[in-house]
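Asker: I have a structure I would like to understand better, so I am pasting it below and will then ask my questions one at a time.
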Number of protein chains: 2
Amino acid sequence: MRVLGVDPGLTRLGLGVVESDRPSRPRLVAVGVVRTPADDSADVRLGAIAEAFDGWLDEHRPDVVAIERVFARSDVSTIIGTAQASGLTMGLAARRGIPVAMHTPSEVKAAVTGHGRADKKQVTRMVTSILRLDAPPRPADAADALALAITHMWRGATAGASTPGKRKDVLARRAAGRQGSGLTPAQEQWAAALRAADS
Amino acid sequence: MRVLGVDPGLTRLGLGVVESDRPSRPRLVAVGVVRTPADDSADVRLGAIAEAFDGWLDEHRPDVVAIERVFARSDVSTIIGTAQASGLTMGLAARRGIPVAMHTPSEVKAAVTGHGRADKKQVTRMVTSILRLDAPPRPADAADALALAITHMWRGATAGASTPGKRKDVLARRAAGRQGSGLTPAQEQWAAALRAADS
């Protein structure tokens, strides 16, 4: 499975591709950030993001695109631009028939670090460790995109992409109150081992 | 000049194309609404909007796309979907090199009816009158898209599209405090005449 993670934003849009035969051994395929100048108008910036994102879809042919979910209660000063960039990437992926999965920041933190209130440094450190990288991915948006892709790989069976069947599964789980870190016990153990090795 | 107006939304995205040799005599080219089912996931809905919107750009080849500006203080329950749909259409137009102009709802109301707090009925009535239509465009999203296109045609010289030169003009005008309904005196007169004829 190959997952393209997207950390949406107008100024910096993080992109990270992760691939794996076994979910427990994801490996880095590509990581990068699309930057657009703040003094360009929003439409010009979104046009540049559309071009770059379609280029990533062409080059990396992901099986799934995992995008950070934007909430109405997010930072008001950036929410419109973030929602616009997320809508653009969602639409471009979906029109190709690529399933799109949304994950909240706390789901990503929980999946990658084991707790939902981890800070950016902890996420970056865990991503570096999980993907066995020599140096942490920079900037943070790039690490966040990789964390989204890893999260989807691990949570893919429960949370997930835009097929009606899967959505019902998620709703059923929510209704049953079976919420948590989103990791299986084996993944929890493994994450704990990684954390220990990393500290 | 041919202007494609866009009233962005996930459930209904209004589209209206208006053309004119003289701004004072805009005529209807096409009007429609892209509807997506509320029980589809957001990405699938955005993918359908991307396909439909690109189809409109292919068919009608607008010189400018005029989109309603989304504010962070808008209705919280729909703001994310509206911003996502607006970002998608902005990016798709801009990547083709088509200038994109943003107009606020009150700019549109002021331009079309003469006052910024007009209700939807008044906007629809004025659009019907300005374009000399036999019946009002339905639903309201379609009328709003036409109103955006008309607004851009009339305000195009002052507010406007995403070229640095024009942006500077707008800023200079704002700095000089020359704000108002956005209509030239001739347009004001003409709008008043239309209002009188319509009432």
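Asker: Among the residues of region A:79-119 satisfying the criterion of being open to solvent by less than 10 Å² (accessible area, probe 1.4 Å) and in a strand (DSSP E or B), which is nearest to the other protein chains (Cβ to nearest Cβ)?
Answerer: A:Val100
Asker: If you go through region A:31-50, how many residues are within 14 Å of A:Leu13 (Cα to Cα) and surrounded by 14 or more Cβ atoms within 10 Å (Cβ to Cβ)?
Answerer: So the answer is 13.
Asker: Count, please, the residues in region B:8-30 that happen to be farther than 25 Å from B:Phe71 by Cβ, in contact (Cβ under 8 Å) with a residue 60 or more places away in the chain and in a strand (DSSP E or B).
Answerer: Going through region B:8-30 one residue at a time, the tally reaches 3.
Asker: Just checking, does region B:184-194 include any residue being part of a loop (DSSP other than H, G, I, E, B), modelled with pLDDT under 95 and over 18 Å from the mean Cα position of the chain (by Cα)?
Answerer: Within region B:184-194, one or more residues are part of a loop (DSSP other than H, G, I, E, B), modelled with pLDDT under 95 and over 18 Å from the mean Cα position of the chain (by Cα).
Asker: Looking at region A:33-52, can you tell me whether even one residue there is more than 9 Å from chain B (Cβ to nearest Cβ) and part of a helix (DSSP H, G or I)?
Answerer: Yes, region A:33-52 has at least one match.
Asker: Looking for something open to solvent by 30 Å² or more (accessible area, probe 1.4 Å) and either at pLDDT below 95 or outside any loop (DSSP other than H, G, I, E, B) (or both) - is there at least one such residue anywhere in region A:142-151?
Answerer: No: zero hits.
Asker: So, in region B:53-78, of the ones that are in a helix (DSSP H, G or I) and of a type in the set (S, T, N, Q), which residue ends up modelled with the highest pLDDT?
Answerer: It comes out as B:Thr78.
Asker: I would also like to ask the following. A:Arg138: touching a residue at least 12 places away in the same chain (Cβ under 8 Å), over 26 Å from B:Ser86 (Cα atoms) and surrounded by fewer than 15 Cβ atoms within 10 Å (Cβ to Cβ), yes or no?
Answerer: Taking the combined requirement at face value, the residue does not satisfy it.
Asker: Separate question: For region B:22-30, indicate whether the set of residues that are in contact with a helix residue (DSSP H, G or I) (Cβ under 7 Å, 6 or more places away or on another chain), loosely packed, with under 15 Cβ neighbours inside 10 Å and at pLDDT below 95 is non-empty.
Answerer: There is at least one residue in region B:22-30 that is in contact with a helix residue (DSSP H, G or I) (Cβ under 7 Å, 6 or more places away or on another chain), loosely packed, with under 15 Cβ neighbours inside 10 Å and at pLDDT below 95.
Asker: Name the one entry in A:Val70, A:Val64 that is in contact (Cβ under 8 Å) with a residue 40 or more places away in the chain, within 9 Å of chain B (Cβ to nearest Cβ) and not hydroxyl-bearing (Ser, Thr, Tyr).
Answerer: Checking each option against the conditions leaves just A:Val70.
Asker: A follow-up question, please. Somewhere in region B:157-174, is a residue at pLDDT below 95 and over 28 Å from A:Ala48 (Cβ atoms)?
Answerer: Taking every residue of region B:157-174 in turn, none turns out to be at pLDDT below 95 and over 28 Å from A:Ala48 (Cβ atoms).
The values are calculated or read from the model by the stated rules, or taken from the named source; none is laboratory data. All figures in this text were calculated on a predicted structure; none of them were measured in a lab. Cβ sites come from the backbone with ideal geometry, for glycine too, and all protein chains shown count toward neighbours. What goes into the accessible areas is simple: the full protein's heavy atoms, side chains included, and nothing from ligands, DNA or RNA. Shrake-Rupley method; radii C 1.70, N 1.55, O 1.52, S 1.80 Å.
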